[in-house]
Amino acid sequence: MSSFVDFRNVWLAYNDELLKANQFAVQDINLQAREGEFIAIVGPSGCGKSTFMKLTTGLKMPSRGSVSVGGEPVTGPLKISGMAFQAPSLLPWRTTVDNVLLPLEIVEPYRSTFKAKRAEYEERARKLLQGVGLKGYEDKFPWQLSGGMQQRASICRALVHEPKMLLLDEPFGALDAFTREELWNTLRDLWTQRGFNVILVTHDLREAVYLADTVYVMSRSPGRILAKREIDLPRPRDLDITYTPAFTDIVHELRGHIGAMRREGAEIAQ
């Protein structure tokens, strides 16, 4: 079975000067994700997780190696991906539904038909918002929503153009624990219904193990993949699984990789 996301021996230096000095942000990344797979990338700050995202979406080109998505080489920004970040960054002067519609106004092939098909697209956006528990809030402004509601709207905005891949960079990191767990289930349900690929960058090992099919641990800079762990917990998963020995064993195993890396870093610093 061919890979949907395929990294082959990927190295990235952020400019020619760093390349000449052999100073890389990520090095020798090999990763293959099948179509519809949910993967999570974990590791310490500055390990190259966000750089990995930029390479996947075509915002950065590798210095060495190749990246392909959907069987095509990545040569520039991808139109088949959606992205959401830790800060929802909704436009304060637009209603929730108008914020969600934004990609359809600026991304082809929707942009050229937006005025003619506005009612159809708005119906799509409203259904998405209702599907994540925001029924009744579609015409509110961002400042009238809680942080968790804003993040739900941000994820809807990333999905409204029906991308084949969703990239999430610490999307729940600023939320309280209860809201974060609610949104894990919101994301789980959207992914189950729609079958898109997900790449989740997170510091939260519980989040990674709960949501992902496969978790990759990245080393501190220059980032490389230290470990790959397939999550063999049954689906569908609910929050009860997070209290089981099978779940906590996987979390401790991943924490062990990161702990070993920290000890190694401390020894080098001495």
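Candidates are the residues of the stretch 167-189 that are in contact with a Ser or Thr (Cβ under 7 Å, 6 or more places away or on another chain) and in a strand (DSSP E or B); the one that is farthest from residue 3 (Cα to Cα) is 169. Of the listed requirements (1) in contact with a Leu (Cβ under 9 Å, 6 or more places away or on another chain); (2) among the small types (Gly, Ala, Ser); (3) part of a loop (DSSP other than H, G, I, E, B), residue 153 misses just one: (3). Which of the residues that make up the stretch 190-217 are assigned to a helix (DSSP H, G or I) and not hydrophobic (A, V, I, L, M, F, W, C)? Selection gives 192, 193, 194, 206, 207, 210. Identify the residue in the stretch 75-106 that is among the β-branched types (Val, Ile, Thr) and either assigned to a helix (DSSP H, G or I) or in contact with a helix residue (DSSP H, G or I) (Cβ under 7 Å, 6 or more places away or on another chain) (or both) and, among all such residues, is surrounded by the fewest Cβ atoms within 10 Å (Cβ to Cβ). So the residue we want is 106. Scanning the stretch 162-176 for residues that are surrounded by fewer than 21 Cβ atoms within 10 Å (Cβ to Cβ), more than 18 Å from residue 86 (Cβ to Cβ) and touching a residue at least 60 places away in the same chain (Cβ under 8 Å) gives 163, 164. Of the candidates 179, 242, 248, 202, the single residue that is under 15 Å from the mean Cα position of the chain (by Cα) and of a type in the set (Ser, Thr, Tyr) is 202.
Just one of 202, 242 is touching a Lys or Arg at 6+ places or on another chain (Cβ under 7 Å) and of a type in the set (S, T, N, Q); which is it? Going through 202, 242 in turn, just one is touching a Lys or Arg at 6+ places or on another chain (Cβ under 7 Å) and of a type in the set (S, T, N, Q): 242. Looking only at the stretch 228-263, which residues are modelled with pLDDT under 90 and either part of a loop (DSSP other than H, G, I, E, B) or of a type in the set (A, V, I, L, M) (or both)? Within the stretch 228-263, 258, 260, 261 qualify. Applying the criterion of being over 21 Å from residue 80 (Cα atoms) and part of a loop (DSSP other than H, G, I, E, B) to the residues of the stretch 107-135, the residue that is farthest from the chain's Cα centre (by Cα) is 116. Among the numbered conditions (1) under 20 Å from the mean Cα position of the chain (by Cα); (2) under 22 Å from residue 164 (Cα atoms); (3) of a type in the set (A, V, I, L, M, F, W, C), the only one that residue 90 does not meet is (2). Only residues that are surrounded by fewer than 23 Cβ atoms within 10 Å (Cβ to Cβ), more than 15 Å from residue 38 (Cα to Cα) and among the hydrophobic types (A, V, I, L, M, F, W, C): list them for the stretch 177-219, please. Answer for the stretch 177-219, where residues must be surrounded by fewer than 23 Cβ atoms within 10 Å (Cβ to Cβ), more than 15 Å from residue 38 (Cα to Cα) and among the hydrophobic types (A, V, I, L, M, F, W, C): 177, 178, 183. Of the residues in the stretch 118-131, none is out of contact with any Pro (no Cβ under 9 Å at 6 or more places or on another chain), modelled with pLDDT of 95 or more and closer than 30 Å to residue 232 by Cβ. In the set (1) loosely packed, with under 11 Cβ neighbours inside 10 Å; (2) within 27 Å of residue 12 (Cα to Cα); (3) modelled with pLDDT of 95 or more, residue 266 fails one condition alone, (3).
The values are calculated or read from the model by the stated rules, or taken from the named source; none is laboratory data. This is a predicted model, so every value here is computed, not measured. All Cβ positions, even for glycine, are placed from backbone atoms using ideal geometry, and neighbour counts span all protein chains on display.
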